[in-house]
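Before any comments, here is the structure.
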Amino acid sequence: MHSTMMDFPLTLAHVFRRAARLFGATEVVSRLPDKSLHRYHYRDFHYRAAALGGALQAMGLKPGDRIATLMWNHYAHLEAYFGIPCAGFVLHTLNLRLHPDDIAFIAQHAGDRVLIVDDVLLPLYEKFRGKAHFERVIVVPLSGAAVAAGYDDYEQLIAAAPSLASPVLDENAAAGMCYTSGTTGRPKGVVYSHRALVLHSMASAMGDTLALTQSDSLCPVVPMFHVNAWGLPFTGVMVGCKLVLPGPHLDAVSLLDLYQSERVTFTAGVPTIWMGILQALEKNPAQWTLTPGMRMVVGGAAASETMIRAFDRHNLRVLHAWGMTETTPLGTTAHLKHSLQSLSDDEKYGYRSKQGLPAPFVELRAMTDDGEAPWDGTTMGELQVRGPWIAAGYHELPAEDDKWTADGWFRTGDVATIDAEGYVKITDRTKDLIKSGGEWISSLDLENALVAHPAVLEAAVIGVAHPKWDERPLAVIVLKAGAQTDEQALRAFLAPKLAKFWIPDAFVFVPEIPRTSTGKMLKATLRERFREWHWP
């Protein structure tokens, strides 16, 4: 027996039309480079995004052609998010924090034909323009200055654009692409279909994932060039909520001012952003009146229990999430199950500092050399994942298929435990686990234990070769401004919390820890720096 359902394609065009029809009066607020606020409404966004699509079609581009963006989070980038895929093209966000040579490599590898760039980022474009060959470069005049000859002016293009010829879109056609900001090797391209982005948006909006609704005021701090700002612009437009886009100003004071003025209820970013915000709040708690219970999604790297507790004291709610470029990115969120509400506060924080439960349609397993790890919360294995918005391969990289198992699971490279309730806890990257005397040590657990010390701002733990134990942990520590502690005090602090063999054999104090463009610690750089370390 067959169903008699309509064949209704899941495409961003539906999300785009719905937003204009139902939420035309909803506001989109963007902070510009000069710190002023640009305000308009969904109806303006819809008109302009459609005009952008029409202008690109008039350039003679073919369906499936890649259009690159080199932009901060603001209204014109939002227009590109919908105008490009709804015109039948592929949105390719370039990560402006990468080295210019890497940006050029990515644009060439993707075959980008057109670039849309903020005028304030033209100096960055100049550094790689000789190595990337765009047919047209469209400049967004954010600063109000005239656009130089040889470039297309974004505003003039939109003003003169023919109307968008709405193509019939295949839900499996490419709508967007992002490259991984991997800590090793060349970046790899992940292509997202319309169907994947629509299903991801629907799952993200659910009450037990990100719970976005039309009444929210959403501020994605995570850049729109980093895994589509975790899909939040798509989800936000789908539900019709107010959007608050912070532009290039991501310092704590600028963000807190924006949260206050725009009554933000939901924000998202990496832990380095939240550490800065926490320091500003601790210093001047009375300076800002924020929405009580404002939800703050943390992803990209693990948030410590210490940070989650500290924000609770300010009546701000940290929600832990996990995902990757290859997972579009939402994989898990750490909401407490109803059955766990009667636990002690300490036990609840234990659950909230895990990566959480898989979203609907995301299936997870942890694999060991002996097969699937039991869901016992202690057996570590490589986290593998599958689902309708999980990548099945990389763009034009057939040699990378060792990242997928023969039975179709994506191998994340993360090491995790899964407990009896189904909560995932990432204990490390496979390459960051420390093997000491035949036993595994989680560098992540050690780092979280160290940042609970009142003097410690950041900690990175690496395995260094040891003549007797194979490897031993070395802790690299950044202290808070004006704070002091020493190796002996840190050892004493860790002793009651961890197995004796886990406690680092040495501690090094440094001014900062090297990081990737997306805030992940560069452990490989630290391992290289301390490769010749001599144990006492």
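Taken together, the values in this text are just the output of simple stated rules run on the coordinates, not laboratory data. For clarity, every value in this text was computed on a predicted model and none was experimentally measured. Heads up, the Cβs are rebuilt from the backbone with ideal geometry, glycines too, and the neighbour counts pull from every protein chain shown.
Say a site is exposed when it is one of the GluC sites (Glu not before Pro), sits in a DSSP loop, and has at most 10 other Cβ atoms within 10 Å; what is then the longest site-free stretch of the chain?
Looking at the chain, 1-511 is the longest stretch - no exposed GluC sites (Glu not before Pro) with at most 10 other Cβ atoms within 10 Å.
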Report the one residue of Leu258, Val221, Ala506 whose Cα lies farthest in the direction of the positive end of the charge dipole of the chain (charges on C-beta: Lys and Arg +1, Asp and Glu -1; origin at the Cα centre). Leu258
How high is the FRET efficiency between Ala160 and Glu126 when r is their beta carbon distance and R₀ equals 30 Å, given to the nearest 0.05? 0.65
So, in Å, what gap is there between the alpha-carbon centers of the stretch 87-111 and the stretch 379-424? 25 Å
Given H placed on each backbone N at 1.01 Å, which residues far from Ser436 in sequence or on other chains put an amide H within less than 5 Å of it? Ile441
Once amide H atoms are placed 1.01 Å from N in the peptide plane, what residues at a sequence separation of 5 or more from Tyr179, or on another chain, have their amide H within under 5 Å of its amide H? Val190
Excluding residues on the same chain fewer than 8 positions from Lys62, give the aspartates and glutamates whose Cα lies under 20 Å from its Cα. Glu79, Asp112, Glu135, Asp152, Asp170, Glu171, Glu396
Using the charge dipole of the stretch 9-198 (Lys, Arg: +1 at Cβ; Asp, Glu: -1 at Cβ; taken about the Cα centre), state which of Val140, Gly130, Leu61 has its Cα farthest towards the positive end. Leu61
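Based on DSSP H runs of at least 4 residues, each adding -39500 (n - 2.57), what is the mean residue ellipticity at 222 nm of the chain after dividing by all its residues, to the nearest 500 deg cm²/dmol?
Computed ellipticity for the chain at 222 nm equals -8000 deg cm²/dmol.
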Compare the Cα positions of Thr26, Ala420, His200 along the charge dipole of the chain (+1 at Cβ of Lys, Arg; -1 at Cβ of Asp, Glu; about the Cα centre) and return the one farthest towards the positive end. Thr26
Just rank His77, His92, fewest to most, by other beta-carbon atoms within 10 angstrom. His77, His92
Residue-ordered couplings for the stretch 15-29, obtained by feeding phi - 60° into the Karplus form 6.51 cos²θ - 1.76 cosθ + 1.60 and rounding to whole Hz (Gly and Pro as x), are 4, 5, 5, 4, 4, 5, 6, 9, 10, x, 8, 6, 8, 10, 10
Within the stretch 424-456, the residues whose backbone N lies under 16 Å from a label point placed 7 Å from the Cα of Ala499 along the Cα-to-Cβ direction are 427-428, 433-447
In the stretch 1-93, which trypsin sites (Lys or Arg not before Pro) fall in coil by DSSP and have 14 or fewer other Cβ atoms within 10 Å? Lys35
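With a 10 Å radius around each residue's Cβ, average the other Cβ atoms per peptide and rank 333-339, 108-114, 52-58, highest first.
52-58, 108-114, 333-339
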Taking placed amide H atoms and a strict 5 Å upper bound, the residues 5 or more places from Val461 or on another chain that come that close are Val476
Give me the aspartates and glutamates in straight-line cross-link reach of Lys242: C-alpha distance below 12 Å, same-chain residues under 8 apart excluded. Glu27, Asp216, Glu262
Cβ charges +1 (Lys, Arg) and -1 (Asp, Glu), total dipole of the chain, debye: 760 debye
Whole-Hz ³J(HN,Hα) for each residue in the stretch 87-99, computed from phi via Karplus 6.51 cos²θ - 1.76 cosθ + 1.60 with θ = phi - 60°, x for glycine and proline: what do you get? 8, x, 9, 10, 6, 10, 7, 9, 7, 6, 8, 7, 5
What are the ³J(HN,Hα) couplings of the stretch 363-380, residue after residue, when phi is run through the Karplus curve with 6.51, -1.76, 1.60 and θ = phi - 60°? Round to Hz, x for glycine and proline. 9, 10, 8, 10, 10, 10, 4, 9, x, 6, 6, x, 7, 10, x, 10, 6, 8
Treating only the Cβ of Lys, Arg, Asp and Glu as charged (+1, +1, -1, -1), what charge dipole size does the stretch 432-529 show about its Cα centre? Round to the nearest 20 debye. 40 debye
Pairs from Lys403/Lys520; Lys348/Lys431; Lys468/Lys500 whose Cα-Cα separation, in the structure shown, is over 28 Å: Lys348/Lys431
Neighbours of Ala146 by Cβ distance under 14 Å: Lys/Arg at +1, Asp/Glu at -1, summed charge -4
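What order, most packed first, do the peptides 233-246, 266-279 have when packing is the mean number of other Cβ atoms within 10 Å of each residue?
My ranking of the peptides, most packed first, is 233-246, 266-279.
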For helix 100-110, what angle does its Cα long axis make with the longest principal axis of the chain, in degrees from 0 to 90 and rounded to 10? 60 degrees
